[in-house]
Amino acid sequence: MRWNRLIGLMLMLCMMCGVAQAEQVNKKQIKGLDEQVQAIKRDVLSISTQLNLLEEKLLYPSNTYMAFFVSMDKGAKFSPDSIHLTLDNKNVANYIYSYKEVQALREGGVQRVFTSNVTTGEHNLKISVIGKENGSKVTNSGTHDLKKGVGPQFVEIHLSATGVSFRDW
């Protein structure tokens, strides 16, 4: 009877050791699998970034590329609510600003509001802005004659309560 108990205890100890080793093997396998998944995620994000850059190069070749950016003075009291862009009498962009976006612009941030392929030559840009300053509604508009040359071109649209100004880069 003692031998039966002893053998039973030995069998139970062996089974428990086997279970403990199986748990460790599974933990090691899971950790290795998790590291592989993280590596795959990094690779996918890298490939996605490269594809986005390639797509932008294909969609907007450098000789016809034109981008429009919005900026404001740091600490400005003016808060834009919405902006509307028209290029060559075609509506090209409408944007409604959130509170955080206005704060970013006030802190010196710049927003790319529109990107397109534009042929070389003369173009007309019209912009209208609706916003607030000191609780009062402010509506501003402006026009800018562009001369697109060969190569990329950038236009800064600077917003303020007194009006809209433009700068070509």
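The values are calculated or read from the model by the stated rules, or taken from the named source; none is laboratory data. The model shown is predicted, which means the values in this text are computed figures rather than measured ones. Neighbour counts are summed over all protein chains in view; Cβ atoms, including those assigned to glycine, are modelled from backbone coordinates with ideal geometry. Accessible surface areas use protein heavy atoms only, side chains included; no ligands, DNA or RNA. Shrake-Rupley method; radii C 1.70, N 1.55, O 1.52, S 1.80 Å.
Close Cβ contacts (under 6 Å, 6 or more residues apart or on different chains) running from residues in the stretch 40-68 that are touching a residue at least 40 places away in the same chain (Cβ under 8 Å) to residues that are open to solvent by 90 Å² or more (accessible area, probe 1.4 Å) and not in a loop (DSSP other than H, G, I, E, B) comprise Ala67/Arg112. If you go through the stretch 66-79 and pick out every residue that is outside any strand (DSSP E or B) and among the aliphatic types (A, V, I, L, M), you end up with 1. Pick from Gly18, Gly75: which is open to solvent by 50 Å² or more (accessible area, probe 1.4 Å), of a type in the set (Gly, Ala, Ser) and modelled with pLDDT under 85? From the options Gly18, Gly75, the qualifying one is Gly75.
Residues that are free of Cβ contacts under 8 Å to residues at least 12 places away in the same chain and more than 24 Å from the chain's Cα centre (by Cα) occur in the stretch 87-103; there is at least one. Is there a residue being closer than 24 Å to Ser141 by Cβ and either in a strand (DSSP E or B) or at pLDDT 95 or above (or both) anywhere in the stretch 56-65? Within the stretch 56-65 (the criterion being closer than 24 Å to Ser141 by Cβ and either in a strand (DSSP E or B) or at pLDDT 95 or above (or both)), the answer is no, since none of the residues qualifies.
The strands (runs of 3 or more DSSP E) located wholly in the stretch 80-169 that include 2 or more residues which are within 12 Å of Phe68 (Cβ to Cβ) and among the β-branched types (Val, Ile, Thr) occupy 111-117, 153-160.
For Ile130, the criteria (1) in contact (Cβ under 8 Å) with a residue 40 or more places away in the chain; (2) under 30 Å from Leu53 (Cβ atoms); (3) not acidic (Asp, Glu) hold in every case but one, which is (2). Here the stretch 34-48 is the region considered, the condition is being at pLDDT below 90 and either open to solvent by less than 100 Å² (accessible area, probe 1.4 Å) or aromatic (Phe, Trp, Tyr) (or both), and the residue that is nearest to Gly151 (Cα to Cα) is Val37. Just one residue in the set Thr139, Thr119, Thr143 is touching a strand residue (DSSP E or B) at 6+ places or on another chain (Cβ under 8 Å), more than 29 Å from Pro61 (Cβ to Cβ) and surrounded by fewer than 15 Cβ atoms within 10 Å (Cβ to Cβ); that residue is Thr139.
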